[in-house]
Amino acid sequence: MDIWNQLLQGFVTAATPINLMWAFLGCVIGTAVGVLPGIGPAVAVAMLLPITVKVEPTASMIFFAGIYYGAMYGGSTTSILLNTPGESGSMVTAMEGNKMAKSGRAGAALATAAIGSFVAGTIATVLVTFCAPLIAEYAVRLGPPEYFLLMLLAFTTVSAVLGKSTLRGLTALFIGLAIGLIGIDQISGQARYTAGVPELTDGIEVVLIAVGLFAVGEALYTVLYEGRTVESENRMSKVHMTRQEWRRSWPAWLRATFIGFPFGTIPAGGSEIPTFLSYATEKKLSKHPEEFGTTGAIEGVAGPEAANNAAITATLIPLLTLGIPTSNTTAILLGAFQNYGIQPGPQLFQTSSALVWALIASLYIGNVMLLVLNLPLVGLWVKLLKIPKPQLYAGILIFATVGVYGMRQSAFDLVLLYAIGLLGVVMRRFDFPTAPVVVGMILGPLAEAQMRNALSIGEGKWTVFVERPMSVALLGVVLAVLLLPRLGKLWAARRMAAVQG
Amino acid sequence: MSQHPESRTPQTLIGAGALAASGLLAAGALVISSEAGYSGVGPNFLPWVVAAALLVCGGWILWEARSGGFRNMEEPSGAARGDWRGFAWVSVALLANAALITTIGFILSCTLCFVLAVQGFRSAAGVSNRGTTTWALDVFTGAAISAPVYWMFTQLLAINLPGLTGSGWL
């Protein structure tokens with residue numbers, strides 16, 4: 001079978017000592033980044049983007065992917081032992097996991113999180129292995145109109161569906177699109193919004209925006225508002241699951257994998273929705289509902305953690321096959337590909353097939369590495385939580401500097417970095433989502449090019465977007481995503497009124 | 001949702017900021033050519049769309065701010081009032097770093113940034129610095145982070161970072 005051969009070839013590439021070293025390094029950094037509060041996978045990958053200048057593409061993509069899913073493993077450790085989620089996907093884990101840790105079962109919670117992540121990550125990787133080539137084969141047939149609408153769908157979901165306010169989500173998206181406009185227009189070659197500054201003709205680096213919003217913004221927010229917040233740390237216990245805990249965990253892992261995976265594949269961004277869905281499912285199906293929210297139910301950790309990892313792995317499908325990022329981190333991974341002059345999309349499986357398959361193979365290897373790193377060695381990671389906050393955040397600022405300065409060697413960028421950090425503080429304080437900014441600035445120029453190409457095909461007529469069945473269907477999905485939640489809310493409100501009246 | 005009266009001004013400012021961004025984009029869009037070719041829309045099309053969208057969003061934000069505050073707001077985490085003294089330390093740390101990095105080199109500049117920032121976070125936590133040993137320890141920690149990072153980038157990855165000397169070691 002063709003896929004088998006290519007996958008084997010991928011393993012051959014991924015298992016060379018140098019690539020194994022990069023995968024391992026990625027997993028270690030990823031886990032550390034996941035464990036440490038105040039820094040997430042998106043910003044870690046962004047800070048390390050300068051390495052794309054020197055390291056060859058396969059090695060650095062393996063490295064970045066290791067950071068990406070390593071952070072998901074590490075994030076659960078923090079959310080179980082502290083009450084602050086290490087990254088947003090482990091918010092739900094923090095609820096039950098922290099309860100379990102408080103009643104002396106931190107070890108079991110950590111074990112089910114790590115093994116669940118492994119099970120879900122591995123199953124999801126198998127699914128990626130078989131689905132991605134099929135989707136890529138199909139996606140070759142998509143033309144600019146369909147691509148533009150797919151990107152429109154990604155914009156809609158990331159700004160209007162996630163988060164509490166559509167208005168603030170859209171504002172963030174358009175700020176991102178505005179940033180993406182700066183630089184040379186891809187089609188006409190004209191400079192836009194450069195104000196005569198030569199540095200701006202290349203556009204604004206995604207590193208600058210991501211590191212500014214997430215690292216510097218986070219540090220400034222912490223010093224401004226959270227200086228006196230004290231985190232209590234739960235006591236560790238032996239990392240071990242009883243037979244009964246195993247029996248309660250594995251159905252939750254499997255269910256959650258199949259909840260999480262589809263959410264990752266569609267451009268619906270983020271892992272918040274599937275983790276919450278999995279939590280709700282487990283709560284409903286559990287034979288021990290009394291443990292939820294009181295002493296902590298193991299299903300409530302096993303499910304969401306597995307759903308999180310399945311969704312994260314599945315986000316590689318839209319990234320690799322369509323070139324559409326659906327989260328902060330995948331947006332920055334797309335930036336990494338672009339640094340090499342590689343444009344992810346359906347052709348990627350032909351033009352860079354060695355890279356893609358090595359990357360997929362490295363996911364299998366990385367999951368095993370992470371299981372080892374996170375189960376027997378969890379005690380080491382817990383020590384990271386002992387780093388005092390001042391030193392931790394001040395250290396993050398050094399890494400922020402090296403990431404941003406290393407990219408373009410411009411001290412002016414460091415001033416911009418501070419300004420974007422301030423923007424990050426305002427956005428965080430007033431509940432503006434940040435993912436739309438990053439996705440908007442990366443995907444905006446691509447979407448614009450597709451739109452103008454589509455209109456050229458249609459000789460300037462907008463009807464080109466409704467002339468093909470696939471594009472009509474996509475337009476329908478965009479409208480549904482925008483309208484259905486609102487209609488649902490309206491309907492619920494009316495029913496409430498009827499009941500009360 | 002009831003609004004904290006003190007968040008009315010900042011919320012209004014955010015709306016005004018979005019409107020200002022829209023105005024800037026529109027002003028910039030005026031000088032972008034509209035030469036459209038076959039597609040009927042030129043390089044100035046998206047700039048106008050984004051400017052218009054930000055005009056609508058900014059206006060809407062302004063309206064929300066003036067009529068009871070942002071809707072569906074997640075309560076922000078942390079203290080109600082900002083610790084501006086700590087914030088000033090960290091701001092100075094970052095800006096000093098930007099100003100000095102090309103003259104005194106990456107290691108020294110980042111160490112300074114580290115020391116100042118740590119100071120800010122301590123002050124925000126309400127801990128005062130306990131004399132010269134703490135300062136010395138901070139300087140040491142800062143250097144112990146920035147020096148290996150510097151060497152890794154300049155020696156291993158051969159990425160240019162500014163040094164005090166041309167040796168690539170300091």
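Every read-out reported here was derived from the displayed coordinates using simple, explicitly stated rules and does not represent laboratory data. The structure displayed is predicted, hence computed values, not measured ones. All Cβ positions, glycine included, derive from the backbone under ideal geometry; neighbour counts span all protein chains shown.
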_Using a 10 Å cut-off around each Cβ of peptide A:168-175, what is the average number of partner chain Cβ atoms that fall inside?_
6
*Can you list the residues, at least 5 places off or on another chain, whose amide H is less than 5 Å from the amide H of A:Ile184, using H built in the peptide plane?*
A:Arg192, A:Gly203
*asked:* I'd like to compare B:58-64, A:467-473: which one has the highest average count of other Cβ atoms within 10 Å, and what's the full order after that?
replied: B:58-64, A:467-473
*Taking the Cα atoms only, what angle lies between the long axis of helix B:131-151 and the longest principal axis of chain B, rounded to 10 degrees?*
70 degrees
*asked:* Output needed: percent of Cα pairs per 5 Å distance bin for segment A:188-309, bins running from 0 to the one holding the longest distance.
replied: 2, 9, 12, 11, 11, 12, 12, 10, 7, 4, 4, 4, 2, 0
*asked:* Checking the table A:Lys238/A:Lys283; A:Lys102/A:Lys287; A:Lys102/A:Lys238 against a 19 Å threshold on Cα-Cα, which pairs fail?
replied: A:Lys238/A:Lys283; A:Lys102/A:Lys287
*Scattering from the C-alpha atoms of segment A:2-467 alone, worked out with Debye: what is log10 I(q)/I(0) at q = 0.06, 0.07, 0.08 1/Å?*
-0.25, -0.34, -0.44
*Rank the residues A:Ile62, A:Ile182, A:Ile360, A:Ile457 as a footprinting-exposure proxy: fewest other Cβ atoms within 10 Å of their Cβ go first.*
A:Ile457, A:Ile182, A:Ile360, A:Ile62
*If you take the alpha carbon radius of gyration of segment A:364-501 and divide it by 2.2 N^0.38 Å, what ratio comes out, to two decimals?*
1.71
*At A:Leu134 and A:Ala497, where each label point lies 7 Å from the Cα along Cα→Cβ, what is the point-to-point distance in nanometres?*
4.6 nm
*Expressed as a rounded percentage, what relative contact order does segment A:357-501 have, with Cα pairs under 8 Å and six or more residues apart?*
6 percent
*Within a 10 angstrom radius of each residue's Cβ in B:50-63, how many Cβ atoms of other chains show up on average? Whole number is fine.*
4
*What's the Cα-based Rg to Rh of segment A:115-166, Rh via Kirkwood?*
1.15
*For residues of B:80-87, the mean tally of beta carbons on other chains within 10 Å*: 5
_Rg [Å, one decimal], Dmax [Å, integer] - segment B:5-66, C-alpha atoms_ = 14.8, 53
_Can you classify segment B:37-170 as rounded, prolate or oblate using the Cα gyration tensor, where a ≥ b ≥ c are the square roots of its eigenvalues, rounded means a/c under 1.5, and otherwise it's prolate if a/b beats b/c and oblate if not?_
oblate
*Alpha carbons only, please: Rg and Dmax for segment B:84-156, in angstrom.*
12.9, 40
*Take the alpha carbon gyration tensor of segment A:80-232, find the square roots of its eigenvalues, order them as a ≥ b ≥ c, and report rounded if a/c is under 1.5; if not, report prolate when a/b exceeds b/c, else oblate.*
oblate
*FRET efficiency for B:Asn72 and A:Lys102, Cβ-Cβ distance as r, R0 = 30 Å, nearest 0.05?*
0.45
*Would you mind counting up the charge near B:Glu74? Only other residues with Cβ under 12 Å from its Cβ, with Lys and Arg at +1 and Asp and Glu at -1.*
+3
*For the pair B:Trp60 and A:Leu490, what calculated FRET efficiency results from E = 1/(1 + (r/R0)^6), where r is the Cβ-Cβ distance and R0 = 30 Å, to the nearest 0.05?*
0.95
*asked:* Charges at C-beta only: +1 for Lys and Arg, -1 for Asp and Glu. How large is the resulting dipole of segment A:2-467 about its Cα centre, in Debye rounded to 20?
replied: 1200 debye
